[in-house]
1. Does segment 231-282 hold any residues that are away from the ligand (no atom under 13 Å from the Cβ), assigned to a strand (DSSP E or B) and farther than 27 Å from Ser205 by Cα, and which are they?
2. Quick check on segment 392-399. Is at least one of its residues of a type in the set (Val, Ile, Thr) and closer than 21 Å to Ala283 by Cβ?
3. Got at least one residue in segment 311-321 being of a type in the set (A, V, I, L, M, F, W, C), within 16 Å of the ligand (Cβ to nearest atom), under 30 Å from Glu177 (Cβ atoms) and touching a strand residue (DSSP E or B) at 6+ places or on another chain (Cβ under 8 Å)?
4. In segment 51-90, which residue that is touching a strand residue (DSSP E or B) at 6+ places or on another chain (Cβ under 7 Å) and part of a helix (DSSP H, G or I) is surrounded by the fewest Cβ atoms within 10 Å (Cβ to Cβ)?
5. In segment 442-482, which residue that is charged (D, E, K, R) and within 16 Å of the ligand (Cβ to nearest atom) is nearest to Trp58 (Cα to Cα)?
6. Please work out which one of (1) within 16 Å of the ligand (Cβ to nearest atom); (2) β-branched (Val, Ile, Thr); (3) crowded, with 23+ Cβ neighbours inside 10 Å is the condition Val382 fails and give its number.
7. With the structure loaded, tell me whether Arg300 is away from the ligand (no atom under 16 Å from the Cβ) and within 30 Å of Val144 (Cα to Cα) or whether it fails that test.
8. Would you confirm, using the coordinates I've provided, whether Asp421 is surrounded by fewer than 17 Cβ atoms within 10 Å (Cβ to Cβ) and either under 24 Å from Gly269 (Cβ atoms) or out of contact with any Pro (no Cβ under 6 Å at 6 or more places or on another chain) (or both)?
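The values are calculated or read from the model by the stated rules, or taken from the named source; none is laboratory data. Note that this is a predicted model, so its numbers are computed, not measured. Here Cβ is always computed from backbone atoms with ideal geometry, including for glycine, and neighbour counts include all displayed protein chains.
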Amino acid sequence: MMVEQLMTALGVPVAAYTGGTLAVHTPIDGSRIGMAPCDDAASVARKIERAAQAARAWRDVPAPQRGHLVRRFGEVLRQHKAELGELVSWEAGKITQEGQGEVQEMIDICDFAVGLSRQLHGLTIASERPGHHMRESWHPLGVVGVISTFNFPVAVWSWNAALALVCGNAVIWKPSEKTPLTALACQALLAQALADFPGAPECLSQVVVGGREAGMALVDDPAVALVSATGSTRMGREVGPRVAARLGRSILELGGNNAMILAPSADLGLAERAILFSAVGTAGQRCTTLRRLIVHESLRAQVVRRLKTLYAGIRVGHPLQGNLVGPLIDAAGYEAMQAALRQAEQEGGVVHGGQRVLQDAYPDAYYVAPAIVEMPGQTAIVRHETFAPILYVMGYHDFDQALQLHNDVPQGLSSCLFTNDLREAERFQGASGSDCGIANVNIGTSGAEIGGAFGGEKETGGGRESGSDAWKNYMRRQTNTVNYSRDLPLAQGIDFS
Ligand code: UN1
């Protein structure tokens, strides 16, 4: 289907994405697919006010009922998975499988959040005073701001929104200015679910479209209790301190520089498949993309040879026509990739692939052959995240050295080890092993399930989204002590009579 048909099927009228000032282009062929209306600081402020009002009503709706809304949203997503997934392909350039997979990730987090809506459990705590009862309660925060990036234009919002909604908050979302159409589509789908939920306040979920100004209006407004920002480390360095300056809360999910250690005992067939999916999937534009391969010297030559052969067979092209690798998001993404490859060469690297392809068929789009770069060591460019399909390969002699190399980058999102050696596997996941938020054994770095907490350490920002107990970030914790005695004993045994 074409974009217009998809948007109509998803419930977004043509006027809602054609009459504005923000030009939206598909990375598939560079053509224009929309003119989105933009928010400025004043309209963002108005939306925040309305969100605060909605949050005040929503917080008193019992959590299991809030869960009904998210369950309904999950059903609407199931009904529209095909169309929304295809729209993701048009707007972000993902291949069919990955566009559909991204919507599945939304459905999964909705299911998770529905279960959670009956499990926002606090603790009962033993009091040191007779006739006293202590407990911990979790209450909604208020307004949650979500800033997301082009590469997961819908799933990352849903991780935040599904949790924030069952936790009793209102949500304002600023999507990447490269992908506002999918955001408008999500908003329309959520509106369908809201229509079936009579008690839901208006403006429980809103989208603000625009660039820096709109984003910073969210970041700086004290009425936004939590800002959950996914994107580059550069963005996080600005957002984090600004939210902190007003003593607000943030969840930062920033750059990764994810590695695989490939040990001599590994199942090489498995490792190869994992490398391919993690290194070239989504054209290298996941924050979990495999960017560094640290391979035992005894395997190095053989693995590079084999990867070169496999890379030569990768079909690059139109993402909705059965290819494995689609386009880069835009010209800037392509330029950054070429600059990184040039720098890698200057630093002693040997580059295989990485050139632009299909330029005649798509003069205004940026398709590339994924690159393998053999590096003499972990030079400056290897320590830097370039959002493109570049896999740097380095050798190691002993496992300690591999771990040291692995952790010696500023980022700390995802990591993996391929081994059949139990000692290595346990060390990798132990306190002195990988320093990342995600550490896998015999699984690649990308493609995490929603059930685990997602995020990473160091320059990745420390935030956790999605599964496990990440929901606690979207609530405030309250310690309650009740005295049901006829006396007033003081804690710490203090006598004040
Ligand atoms: C991202 O790239 O920002 O683990 C998120 C993965 C996906 C999410 C990636 N589930 O690769």
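1. Ala259, Met260, Ile261, Leu262
2. The answer is yes, given that some residue of segment 392-399 is of a type in the set (Val, Ile, Thr) and closer than 21 Å to Ala283 by Cβ.
3. Taking segment 311-321 and keeping what is of a type in the set (A, V, I, L, M, F, W, C), we get 312, 314, 316, 320.
Still in the list and also within 16 Å of the ligand (Cβ to nearest atom): none.
Taking every residue of segment 311-321 in turn, none turns out to be of a type in the set (A, V, I, L, M, F, W, C), within 16 Å of the ligand (Cβ to nearest atom), under 30 Å from Glu177 (Cβ atoms) and touching a strand residue (DSSP E or B) at 6+ places or on another chain (Cβ under 8 Å).
4. The first filter runs over segment 51-90 and keeps only residues touching a strand residue (DSSP E or B) at 6+ places or on another chain (Cβ under 7 Å), leaving 51-52, 54-55, 58-59, 90.
With the extra rule that they be part of a helix (DSSP H, G or I), the set shrinks to 51-52, 54-55, 58, 90.
Numbers: Ala51: 27, Ala52: 18, Ala54: 23, Ala55: 24, Trp58: 22, Trp90: 26.
Result: Ala52.
5. First, the residues of segment 442-482 that are charged (D, E, K, R): 449, 457-459, 464-465, 469, 472, 476-477.
Now drop any that are not within 16 Å of the ligand (Cβ to nearest atom), which leaves 449, 457, 459, 464-465.
Numbers: Glu449: 29, Glu457: 33, Glu459: 35, Arg464: 24, Glu465: 22 Å.
Top of the filtered list is Glu465.
6. (1)
7. Working: away from the ligand (no atom under 16 Å from the Cβ): yes; within 30 Å of Val144 (Cα to Cα): no.
Considered against the rule, which asks whether it is away from the ligand (no atom under 16 Å from the Cβ) and within 30 Å of Val144 (Cα to Cα), Arg300 comes out as no.
8. On the way: surrounded by fewer than 17 Cβ atoms within 10 Å (Cβ to Cβ): yes; either under 24 Å from Gly269 (Cβ atoms) or out of contact with any Pro (no Cβ under 6 Å at 6 or more places or on another chain) (or both): yes.
So Asp421 passes the test.
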